[in-house]
Amino acid sequence: MNLPDQPPTFRPPTPAERPWAWRLENAAGEEVEVTGEHADQRFSSQADAESWVGEIWADLAALGVDAVTLFEADRLVYGPMSLHA
């Protein structure tokens with residue numbers, strides 16, 4: 001039971017806590033929205049973000065993602081990077 005004004009035990013991390021994110025794009029460079037476990041992923045470090053995309057890039061390509069662009073908060077880090085050979 002929570003008392004009034006008591007924060008919940010679990011809360012999703014804020015963008016400030018996990019500022020690294022991939023923009024998923026189609027061949028025209030437009031953002032692609034995916035659902036399920038690959039949607040809205042955020043990371044606490046660049047290494048974590050790069051590891052994640054390295055592990056699931058084929059899944060993203062199967063969902064219609066042609067390229068990814070890495071951001072730290074609002075800062076473009078690099079990309080677009082193709083998911084095709």
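Give the residue that is least open to solvent (accessible area, probe 1.4 Å), with candidates limited to residues of the stretch 76-85 that are at pLDDT 95 or above and more than 13 Å from E50 (Cβ to Cβ).
First, pick out the residues of the stretch 76-85 that are at pLDDT 95 or above: 76-83.
With more than 13 Å from E50 (Cβ to Cβ) added as a condition, the list becomes 76, 80, 82-83.
On the way: L76: 95, P80: 94, S82: 70, L83: 16 Å².
Ranking the candidates gives L83 first.
Do we find that W52 is at pLDDT 95 or above, open to solvent by 60 Å² or more (accessible area, probe 1.4 Å) and under 13 Å from the mean Cα position of the chain (by Cα) in this structure?
On the way: at pLDDT 95 or above: yes; open to solvent by 60 Å² or more (accessible area, probe 1.4 Å): no; under 13 Å from the mean Cα position of the chain (by Cα): yes.
No.
Filter the stretch 8-43 for residues that are open to solvent by 70 Å² or more (accessible area, probe 1.4 Å) and among the small types (G, A, S); which is modelled with the lowest pLDDT?
By that ranking, first place goes to A16.
Count, please, the residues in the stretch 62-75 that happen to be part of a strand (DSSP E or B) and either over 13 Å from the mean Cα position of the chain (by Cα) or buried (at least 16 other Cβ atoms within 10 Å of the Cβ) (or both).
Within the stretch 62-75, residues that are part of a strand (DSSP E or B) and either over 13 Å from the mean Cα position of the chain (by Cα) or buried (at least 16 other Cβ atoms within 10 Å of the Cβ) (or both) number 6.
The values are calculated or read from the model by the stated rules, or taken from the named source; none is laboratory data. Since the structure is predicted, the reported quantities are computational estimates derived from the model, not experimental observations. Here the Cβ is made from the backbone with ideal geometry for all residues, glycine too, and neighbour counts use every protein chain on show. Calculation scope for accessible area: heavy atoms of the full protein, side chains included, ligands and nucleic acids excluded. Shrake-Rupley method; radii C 1.70, N 1.55, O 1.52, S 1.80 Å.
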